[in-house]
Amino acid sequence: MSNEISEAQVRHVAKLSRLKLTDEQINLYTRQLGAILEYIKKLNELDTTGVEPMAHVAPLRNVLRDDIAGTGMGIDKVLQNAPDSDPPFFKVPRVLEDSSGA
Amino acid sequence: MSDLNYKVIIGLEIHVQLATQSKLFCACPNRFGDEPNSNVCPVCMGSPGTLPVMNKKAYEFAVRTAMAMNCEIARYTKWDRKSYYYPDLPKNYQISQYDLPLSQNGNIEITVAGEQKKIRIRRIHLEEDAGKLLHEGNVGFSQVDLNRTGTPLMEIVTEPDLSTPEEARVFGTELRTLVRTLGVSEANMQQGQMRLEPNINLVITKDGKQYKTPIAEVKNLGSLRALERACAYEIQRQLADWEKTGVTMETGFKSTRGWDEQTGTTVLQREKEEAEDYRYFPDPDLVPVVVEKDWLDAIRKSLPELPIARRARFQTQFCFSEKDATTLVEDRATADLFEQALSLGAPVKVLCNHFISFWAMHANQRGVSIAELGVSAPRMASLAKLVGDNKINNTTAAALAEKLLTCPDDPADIAQRENLMQVSDASSLEKILDEILIANAKAVEDARTPGKKQQKAFGFILGQVMQKTRGQANPQVVNQLLQKKLAEKN
Amino acid sequence: MQITQLTAFDLLDQIKKRQLTARDAVEAFLKQIDKHEKTIGALITVLPEYARERADQIDQMLADGRDAGPLAGLPIIIKDNLCTQFAKTTCASKILIDYQPPYNAHVVEQLEKAGAIIIAKANLDEFAMGSSTENSGIKTTRNPWSTDCVPGGSSGGSAAAVAARMAPVSLGTDTGGSIRLPAAFCGISGLKPTYGRVSRYGLVAYGSSLDQIGPLGADARDIALVMNVISGHDARDTTSVPESISPKPDYLTKLDTPLKGLRIGIVKEYQSSDGIDPQIVAAIDQATKLYEQMGAQLVEVSLPHTQYAVACYYLVATAEASSNLARYDGVHFGYRTPNPEDYIDVYSSSRAEGFGDEVKRRIMLGTYALSAGYYDAYYLKALKVRMMIRQDFEKAFEQADIICAPVAPTTAFRVGEKTSDPLTMYLSDIFTISANLAGIPGISIPAGFSRDSLPIGLQLLGNYFDESTILQAAWQYQQHTDFHRQIPAGFIEQ
C-alpha cells in the first residue's frame, strides 16, 4: 500500500475540485491515486536541472487580435443551456456576498 | 498611559477597467450599462470548446500605464490560469498573469501637504474581469450577469509605502488622473471602473517592544473619500483591537473586510487561516507575448504629456496655483479644453480666471467636469477675448457664461444682441459722467481734496457710473475721463 | 461493390461521376447504422433527417452543375466532443447530457463547407479520458472484430463506426493516443496531426496542450482527403499554426511518390520492451522488412526518455483537465443537482453526480499536481521531462525521416478486463503518448492480425508538420498489403 497521498489530502483535493465524495469514494481514490503517484515517482530518476519547462508545443508568439467589437450572441442563446434562469439572468441559489477568491 | 506610538502601513491593490472597444479575449463589446447578458458570446461565457484570443489594444494600454509609472516592461510575458469557483466566473478560472507580469518595479510621485513622496509600484498586470452577481430583493437566489465577464482589467499593486489615509487618497487621485490622461480608462469609480483595495496594518511600539497588527484588506470602496475614511477607521479599529486583545500578525489571521458607507465602518467578511490555493499554471490556450523594441518605442512615442509634467507646466506657464493646476489637470479633457481655448487666441490671464472662477463653479454645481459642461473651446475662447479686448468686463462675462450653458450661440453674438457690450465711447460716457458729477457735488469735492476721503469718493463716483450703465461702462475709460474732469475744474 | 464497402475516395468519385447520389450514400450508411448500432454501440446521436436534408441539398447543387466542395456527399461521423449547433454535444458525460452548443466547431464548419454530411456523433470515453471507451457515461462500445473486446479509446465510437462501415470516415481526437489506439484495435487507419495543424476551436478541451483532431478511415488516402479539408490556420485558435510558418500542403500529392531513400527510424528502446505481445513485435518486424524491400533505409534511433512519457502525461494532461473541466459546475450550462442545499452544493453535488469515476480521478490528480506545495514536484517536473522527450524526437529526426513503432503493447482487450486498475489501463498508451507530449504527428495503420483474429496496428511518427511523409509511407505500405481492406465478418452488406 502506497503512502504517496493520505486520505486527508484526498479530502482536501476533492474540496478544491468541488467534488462531493462519499467516504467510500475517498477511500478508493486514496488507494488509486496513491498507486498512480507511486508510478509517477519514476520521474524523480531524471535530473532536470537547467531544463526549460515546456508549456507550449508550437513556438508561436504574439498572436493578438485588433480591438474591434462585435455583438453578443443574444440573450436567448446565452441562457439556452442554463439549468435555471430568470431572464435575462442566470439564476443560482443565493450567493453569500464577497466570498469570491478574487 | 504608557509610552505607545504606532506607524501605519498601507499598500494598495487597484483594479482599473480598460476602455477598449471589445473584451480581453473575445470581440464582445466592453460596455457598461447594457441589458444584462446582452454582451456575451460562447468565448466569454466559457462554452465548452471555445478559446481565447488576446486583445492587442488592452496590452498596449497596460504597457502605456506601466511606462507612465516608470515600470520595467517585461520582454516576455505569459498568461496563467487562476482557479477559484464563483458563479460570476463561468470558466471557474480567471486568465491572469502570475509569475511573469507585464511590468514591475515602478513608482509614482505624490504631493501631500507640499511634501513630495515616491510610492513604489510592485507590479502591473492584465487579467479578465468577472461578471456580476445581483442579490437585491431576491429571496433565496442570486442573479448572474456576464456582461462584464472577460472585460480587460489592469491590476496595479503598490508597495506598502503609504503611511496615512490622506496619502492613500492622494495616491488614488493621482492614479485616476494618470489613467484618464493616458486615455486607458475613464476610471469612473461609481461604475466600478477603478476599484481600490487597501491593505492596512499597524506597527505599534510600546515600552520599547514592537507589535504588528494583522493585515486587513478592505473591499467595496466606491470613492476616494471612502478610501480615506476606511483607512482612518481601520487604524482606530486595529489599535483598539490590539489594546483590547493584544492580537498580532503572528497570533491573528489576515482578514478581508467590507466598507459600509452608511455607518462609516468596516465589517469583517472572512479571515484566512492559510493563503488561498489558486493553482496557477500557464494557460495552454494562449501563447506568450514577446515585446519587441519597435513596439515599445511606438507605444512610448504615443504617450501624452503626463499629469505631473502638465501640472508643473500649468503652474509655471499659466500661473495657476498648485491647487488649481491639480484640479485642472485631474481631468485630461478639461486641461485639453483649456489649452485648446488658449490656442484659439484666448488671453491666458483672463482664461485662467474664467476656469478657476465661474467655469469651475458651474461644473461643481452640476457635479461634472468643466469639459462636460458642453461649452466648446471656441466659445470659451471667444468669451475670454471679449474681456481681453475690453468689450465686456468680468461681471458681464460671468453672466454670459451662465447663458452659454443653455444657449448654443457665440458669446459675442449674445452680448451684441442683449446689448451687453461695454461702453467705451468717451462722448456718451462723458455725458453720463457729467450728470453724476452735478448730482454729487460733495463727493466731487472730496475727490479733489487730497486726504483719506479722496480715494473713497473717487470710487463712489466710478460706482455710480457703472450703476447707471448697468455695468457696461469701460472702467478704464471712465477712470481717465473722471481724472480729467477733476483736474479741469481745479 | 456495395456502397458501404467503398472507400471515401471511390465513393466521392462515384458521386462526382453521378453514378451515385449523395442521398443514396446517406441512405446506405444510415441503413448500416440501423442494422449494427445495437450490437456495436458506436454512436450517441444519429442524425437521419439532418443528413437527408443535407444530401438533397448537395444533390441539387450537383444537378445544377455547381461546385459542392471536395467532399460533396461524403457521409462522416464525428466524435461527440466536437461542437455542433445542430446536434447535442455530450462528451459522453451525464453533465452535458442535453447540452446544445451555441456554435459549430471549426472542423464542422470546414467539413460542411466542403460538402461532407455529418450523419452521426460517436461515443467516446467521457471527455476523451480513457483507452477503451468503457468510461463513456452513456454506453459501452464493442469492437466489430470481436464484440467481447473493447474498440480502444477514447475515440472508440469513431473507430468502431468506420470498422463496422457505418461511415467511410470519421473524426476523432487524440490527447494521448485516442485516435491511434482505437484505429489499431479496430483495424483501420487513424492520424493524429501535428499539434497546431488542425484548429481546436470547438473541440471540448481535455488536455489543451495535447489535444488534436484527426481523421479515421480505411486507408491513408481517405485520411489525406479529410486532412485537406480540416487542417489549416484558424484565427480563433491562437495555437493554430499560420500559413507563414507552415503552409498547408495538398496531402494527396505525395502519396504515390516511391519511398526510395526514405530513412525509417527503429526505436532502440522499444526492441526490448517488456510486456509487449510478441505477435505485435513480429508484425512490426514484418512491416519494417517490407519497407526495406520498398527501398527505405532502416536506421536505429534512440528515445531514451519515452519510458517516462506515461508518468509525464498523467500530470500534464490531468492538470490541464482539472482546470478545463472546472466550468462544468451546474451554473451556466449542463447538469445541475436537483435539490442543492446552497450554491456551493450546486458545484460539488452537480459535479459529483455528473462526472464519472475516471473523470473525477483525473480531475483530482490534476488538482493535486497543481496545488500549493506540489506544483514544483509534480507539474513543473513534468513540463521539464516533457521538454526532454521533445528533445529526444528532435535528435531522432536528424537521423530518420519517420519513426516506426508499435501502437499498443496488446491487441484489443476484453471489456471489463482493465477497468478496476486505472494504472494498467494508462499503460495501454505507452507507445502513443510521447507523440502528444512532443506535439509531432503520428498515424496508426493496420499491419496484421493476431491468432485471435484481432487487428494489429503499426505506428508511423513524423517530424513536425510533416504529415505528408507519414501519409505517403502509410499509403505505400497499403499498396503492398491488404490488411486495411479487411472488413469484419457480419458487416459486409449482403
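The values are calculated or read from the model by the stated rules, or taken from the named source; none is laboratory data. From a predicted model like this one, the values you see are computed outputs, not experimental measurements. Because the Cβ atoms are built from the backbone with ideal geometry, glycine has one as well, and the counts that use them run over all protein chains shown. The area values use the complete protein model at the heavy-atom level, side chains included, leaving out ligands, DNA and RNA. Shrake-Rupley method; radii C 1.70, N 1.55, O 1.52, S 1.80 Å.
Legend: mean number of C-beta atoms from other chains within 10 angstrom of residue C-beta atoms, peptide C:201-208, equals 4.
The distance between label points at C:Q286 and B:A275 comes to 5.9 nm (points 7 Å beyond Cα on the Cα→Cβ vector). Taking a point 7 Å from the Cα of B:K349 along the Cα-to-Cβ direction, the residues of region B:380-400 with backbone N closer than 16 Å to it are B:384-395.
Using only the alpha-carbon atoms, how far is helix B:377-388 inclined from the longest principal axis of chain B? Give it as 0 to 90 degrees, nearest 10. Long axis of B:377-388 versus the principal axis of chain B: about 30 degrees. The spacing between region C:40-58 and region C:101-140, judged by their C-alpha centroids, is 13 Å.
Taking both sides together, the accessible area buried where C meets A is about 5300 Å² for a 1.4 Å probe. Working from Cα positions, state the angle (0 to 90°, nearest 10) between the long axis of helix B:454-468 and the longest principal axis of chain B. Around 80 degrees separate the two axes.
Would you mind putting C:228-235, C:349-356 in packing order, based on average other-beta-carbon counts within 10 Å, highest first? The partial results should precede the final answer.
Details: C:228-235: 20.0, C:349-356: 22.1.
Ranked by mean Cβ neighbours within 10 Å, highest first: C:349-356, C:228-235.
Take chain B with all the other protein chains still there, run a 1.4 Å probe, and you get 44 Å² of accessible area per residue.
Can you tally the net charge around B:Q193? Count Lys and Arg as +1, Asp and Glu as -1, for every other residue whose Cβ sits under 14 Å from the Cβ of B:Q193. Please report the intermediate quantities before stating the final value.
Numbers: positive: B:R31, B:K132, B:R148, B:R176, B:R180, B:R195; negative: B:D129, B:E155, B:E186.
Residues close to B:Q193 contribute a combined charge of +3.
Label region C:66-183 by shape, choosing from rounded, prolate and oblate, from the square roots a ≥ b ≥ c of the eigenvalues of the Cα gyration tensor; if a/c is under 1.5 it is rounded, and otherwise prolate applies when a/b is larger than b/c, oblate when it is not. Verdict is oblate for region C:66-183.
DSSP bridge analysis restricted to the protein assembly as shown gives an antiparallel fraction near 80%, rounded to the nearest 5.
Using 0.36 nm per residue of separation minus the Cα-Cα distance, give me the extension gain between C:S246 and C:L423 in nm, one decimal. List each step's numbers first, then the result.
Values: separation 177, 0.36 × 177 = 63.72 nm, distance 3.74 nm.
So the chain would gain 60.0 nm between C:S246 and C:L423.
Surface composition of region B:426-488: carbon and sulfur atoms hold 56% of the protein heavy-atom accessible area at a 1.4 Å probe. Taking the Cα centroid of region B:417-455 and of region B:128-171, what is the distance between the two, rounded to the nearest whole Å? When both Cα centres are located, 65 Å separates them. Legend: helices of chain C (whole DSSP H runs) are marked when their alpha-carbon atoms reach 24 angstrom or more along the helix axis and their mean Kyte-Doolittle hydropathy is at least -1.0; marked are C:22-40, C:381-399. Taking a straight Cα-Cα cut-off under 20 Å and skipping sequence neighbours fewer than 8 places away in the same chain, the lysines within cross-link reach of B:K57 are B:K23, B:K78, B:K293, B:K301. Each label point was placed 7 Å from the Cα along the Cα-to-Cβ direction; for B:R237 and C:A235 their separation is 4.9 nm. Taking the Cα centre of region B:205-293 as origin and assigning +1 to Lys and Arg Cβ atoms and -1 to Asp and Glu Cβ atoms, the resulting dipole is close to 380 debye. Short-range pairs are left out: with C-alpha atoms under 8 Å and at least six residues apart, the relative contact order of chain A is 19 percent. Spin-label model, C:S453 to B:K431: label points 7 Å out along the Cα-to-beta-carbon direction sit 12.8 nm apart.
Subtracting the Cα-Cα distance of B:E72 and B:E159 from 0.36 nm times their residue separation leaves 29.8 nm of extension gain. For peptide C:306-317, the mean count of partner chain Cβ atoms within 10 Å of a residue's Cβ comes to 3.
Across peptide A:33-45, the average count of Cβ atoms from other chains found within 10 Å of a residue's Cβ is 6. Counting only protein heavy atoms, probe 1.4 Å: which residues of region C:217-244 lose 40 Å² or more of accessible surface in the full assembly compared with their chain by itself? Going by heavy-atom accessible area, the residues of region C:217-244 that drop by at least 40 Å² are C:T238, C:T239.
Between B and A, roughly 4200 Å² of accessible area is buried in total, ligands, DNA and RNA not counted and the probe set to 1.4 Å.
Measure up C:K38/C:K192; A:K42/C:K94; B:K91/C:K113; B:K56/B:K82 against 24 Å on the Cα-Cα distance and list the ones that go over. Pairs exceeding the cut-off: C:K38/C:K192; A:K42/C:K94; B:K91/C:K113.
Given only helices, namely DSSP H runs of n ≥ 4 each adding -39500 (n - 2.57), what is the per-residue ellipticity at 222 nm of chain C, to the nearest 500 deg cm²/dmol? Theoretical 222 nm ellipticity from helices: -11500 deg cm²/dmol. Once the Cβ-Cβ distance between A:I26 and C:D376 is put in as r, and R0 is 45 Å, what FRET efficiency do you end up with, to the nearest 0.05? About 0.95, to the nearest 0.05. The distance separating the Cα centre of region C:404-479 from that of region C:147-189 comes to 11 Å. When a/c reaches 1.5 or more, the comparison of a/b and b/c decides; with that in mind, is chain C rounded, prolate or oblate per its Cα gyration tensor? Rounded, because the longest to shortest axis ratio a/c is under 1.5. Calculate for chain B the 222 nm mean residue ellipticity that helices alone would give, adding -39,500 (n - 2.57) per DSSP H run of length 4 or more and normalising by residue count, nearest 500 deg cm²/dmol. Rounded to the nearest 500, the figure is -12000 deg cm²/dmol. What is region B:426-488 by shape, rounded, prolate or oblate, if you read a ≥ b ≥ c off the alpha carbon gyration tensor as root eigenvalues and call it rounded for a/c under 1.5, prolate for a/b larger than b/c, and oblate otherwise? Since a/c reaches 1.5 and a/b is larger than b/c, the shape of region B:426-488 is classed as prolate. Helix B:394-404 axis versus longest C-alpha principal axis of chain B: approximately 50°, rounded to the nearest ten.
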